[in-house]
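Visitor: If you scroll down you'll find the structure; I have some questions about it.
The values are calculated or read from the model by the stated rules, or taken from the named source; none is laboratory data. Given the structure is predicted, the values throughout are model-derived calculations rather than measurements. Backbone-built Cβ (ideal geometry, glycine too); neighbour counts: all protein chains shown. Side chains included, ligands, DNA and RNA excluded: accessible areas come from the protein's heavy atoms. Shrake-Rupley method; radii C 1.70, N 1.55, O 1.52, S 1.80 Å.
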Amino acid sequence: MTGKLAISRRAFLQGLAAAGTVAATEPIFAIEGHRLPTLYRDGVHDDGPALQAMIDGQKVVIDGKIVDFATEVWPISNARMLTRQTLQTNPTKRGSIVLKDCQITCDASFFLRWVDDGASDHRRTTPVLSMERCIVGNRGPGGGLIYQSLT
């Protein structure tokens, strides 16, 4: 045989089935040209990028679903979370996080950096972080919880 590939119909169909299975698990994480952060809530994996995206009003993967925090409020309850970064508010972005009965471990200097540019109308643009009955433990070098910064 010259220039032809010999493959049976069965092998071809099995290859298509296998490729479809692999492709079906990845697109949810690679939407819009970049990998969306995942909120694990297991206390082992770093939830910091997902929490920051939530504060910024961006899309996050939770339980295999894409949640757009620019338009949705998705309450998180009874979760164990870990963040290795200091979360930072941004007066020009508006996401909302509602945490209830959560345990958060922070491995950064501070858990949250509140940024105030002095000019923004905070009634409309300040991200909302609601924490009810939550425990935040800081194992980072600074050991702080929240600090405010003027830009």
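Visitor: What is the local net charge at residue 133, summed over the other residues whose Cβ is closer than 10 Å to its Cβ (Lys, Arg +1; Asp, Glu -1)?
Guide: Details: positive: 100; negative: 101, 132.
Residues near residue 133 contribute -1 overall.
Visitor: I've got another one for you. Tell me which residues come under 5 Å, amide H to amide H, from residue 77 once H is placed; ignore anything under 5 positions away on its chain.
Guide: Amide H neighbours of residue 77: 100.
Visitor: Next question, about the same structure. Calculate, in nm to one decimal, what residue 77 and residue 9 gain on full extension: separation in residues at 0.36 nm each, minus their alpha carbon distance.
Guide: Numbers: separation 68, 0.36 × 68 = 24.48 nm, distance 5.01 nm.
Going from the current span to full extension adds 19.5 nm.
Visitor: Which order do you get for 86, 92 if you rank them by accessible area with a 1.4 Å probe, largest at the top? Spell out each step's value before the answer.
Guide: Numbers: 86 45, 92 100 Å².
Heavy-atom accessible area, descending, gives 92, 86.
Visitor: Does the stretch 44-94 classify as rounded, prolate or oblate by the C-alpha gyration tensor (a ≥ b ≥ c root eigenvalues; a/c under 1.5 gives rounded; else a/b over b/c gives prolate, otherwise oblate)?
Guide: Values: a/c = 1.91, a/b = 1.13, b/c = 1.69.
It comes out oblate by the Cα gyration axes.
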